[in-house]
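**Student:** This is the structure I have questions about; it appears just below.
The values are calculated or read from the model by the stated rules, or taken from the named source; none is laboratory data. Treat the numbers as computed from the prediction; the structure is a model and nothing was measured. With ideal geometry, Cβ positions are generated from the backbone for all residues, glycine too; neighbour counts draw on all protein chains shown.
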Amino acid sequence: MNSTNSDRPLIIGIGNEMRSDDGAGIAVANRLHTSLAEVADIEQLWGEGATLMEAWRDRSLVILIDAASSGASPGTIHTFEATNTQIPRDFLHYSTHRFGVAEAIELARSLDLLPPRIILHAIEGQVFDYGNALSPEVEDAIGLVAKQICNTLDVSGDIH
């Protein structure tokens with residue numbers, strides 16, 4: 001994990017690339033890696049809550065990207081300023097542990113360990129079966145989220 005410079009924004013792509021659309025967060029992180037490497041730290045994590053809390057410790061800006069499973073149309077982008085907004089517990093697609101992104105945010109909030117600014121981009125998935133192909137709607141949303149993150153950081157990046 002990269003916790004060397006708390007002044008740099010931390011971008012965390014969350015998910016499992018081998019579970020189809022669950023890899024959406026990882027795909028965004030991969031897309032941003034080249035264009036934002038000079039201005040932000042970019043990590044890829046599975047989404048286990050304690051690991052996330054450790055990764056974002058002492059950071060002032062954290063941007064999380066994950067797959068959602070809320071019943072909205074595939075490819076829908078949900079953005080939360082999580083510093084001020086509670087994340088619904090069953091909103092994100094995280095089935096292997098019960099202590100995931102939403103729980104980590106809420107525990108950090110209650111312990112006063114939440115970063116001063118934490119943004120969550122969740123891309124509504126369609127397929128969460130084994131496989132590494134993203135659905136077309138999720139693939140389209142990945143580029144849009146990458147651009148939103150560049151805008152948040154006030155960076156113009158060549159994102160492909």
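**Student:** When the residues of the stretch 25-38 are narrowed to those that are among the small types (Gly, Ala, Ser) and under 23 Å from Pro116 (Cα atoms), which ends up surrounded by the most Cβ atoms within 10 Å (Cβ to Cβ)?
**Tutor:** Checking each candidate, the answer is Gly25.
**Student:** Gly100 fails exactly one of the following numbered conditions: (1) under 22 Å from Cys150 (Cα atoms); (2) surrounded by 19 or more Cβ atoms within 10 Å (Cβ to Cβ). What is the number of that condition?
**Tutor:** (1)
**Student:** Six or more apart or on different chains, Cβ atoms under 8 Å: show the pairs whose first residue is in the stretch 81-93 and farther than 19 Å from Trp46 by Cβ and whose second is part of a loop (DSSP other than H, G, I, E, B).
**Tutor:** Thr83/Leu114; Thr83/Pro115; Thr83/Pro116; Pro88/Ser70
**Student:** Let me ask another. Which of the residues belonging to the stretch 45-82 are under 16 Å from Ile11 (Cα atoms) and in contact with a Phe, Trp or Tyr (Cβ under 6 Å, 6 or more places away or on another chain)?
**Tutor:** Scanning the stretch 45-82 gives Gly47, Gly49, Val62.
**Student:** Given Ser73, Ser35, which one is under 22 Å from Glu124 (Cβ atoms) and either within 15 Å of the chain's Cα centre (by Cα) or touching a residue at least 60 places away in the same chain (Cβ under 8 Å) (or both)?
**Tutor:** Matching residue, one of Ser73, Ser35: Ser73.
**Student:** Right, next: Kindly indicate which of Asp41, Asp58, Asp22 is in contact (Cβ under 8 Å) with a residue 40 or more places away in the chain, surrounded by 16 or more Cβ atoms within 10 Å (Cβ to Cβ) and within 20 Å of Ile105 (Cα to Cα).
**Tutor:** Asp22
**Student:** Related question: Exactly one of these conditions fails for Gly47: (1) in contact with a His (Cβ under 9 Å, 6 or more places away or on another chain); (2) modelled with pLDDT of 95 or more. Give me its number.
**Tutor:** (2)
**Student:** For the stretch 107-160, name all the residues that are among the β-branched types (Val, Ile, Thr), farther than 15 Å from Ile26 by Cβ and within 15 Å of the chain's Cα centre (by Cα).
**Tutor:** If the condition is that a residue be among the β-branched types (Val, Ile, Thr), farther than 15 Å from Ile26 by Cβ and within 15 Å of the chain's Cα centre (by Cα), then Ile118, Ile119, Thr152 are the ones that fit.
The rows are residues; the columns are (1) crowded, with 19+ Cβ neighbours inside 10 Å; (2) charged (D, E, K, R); (3) not in a loop (DSSP other than H, G, I, E, B).
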residue: Val62; (1), (2), (3): yes, no, yes
residue: Asp66; (1), (2), (3): yes, yes, yes
residue: Pro74; (1), (2), (3): no, no, no
residue: Gln86; (1), (2), (3): no, no, no
residue: Ala104; (1), (2), (3): yes, no, yes
residue: Leu107; (1), (2), (3): no, no, yes
residue: Pro115; (1), (2), (3): yes, no, no
residue: Glu139; (1), (2), (3): no, yes, yes
residue: Asp154; (1), (2), (3): no, yes, no
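**Student:** Here is a further query. Spot the failing condition for Leu92; the list is (1) at pLDDT 90 or above; (2) surrounded by 13 or more Cβ atoms within 10 Å (Cβ to Cβ), and only one is missed.
**Tutor:** (1)
**Student:** Could you grab me the full set of residues in the stretch 114-133 that are out of contact with any helix residue (DSSP H, G or I) (no Cβ under 6 Å at 6 or more places or on another chain) and modelled with pLDDT of 95 or more?
**Tutor:** The answer is Pro116, Arg117, Ile118, Ile119, Leu120, Ala122, Glu124.
**Student:** On the given criteria, is Glu17 within 17 Å of Gly143 (Cα to Cα), modelled with pLDDT of 90 or more, of a type in the set (D, E, K, R) and not in a strand (DSSP E or B)?
**Tutor:** Considered against the rule, which asks whether it is within 17 Å of Gly143 (Cα to Cα), modelled with pLDDT of 90 or more, of a type in the set (D, E, K, R) and not in a strand (DSSP E or B), Glu17 comes out as yes.
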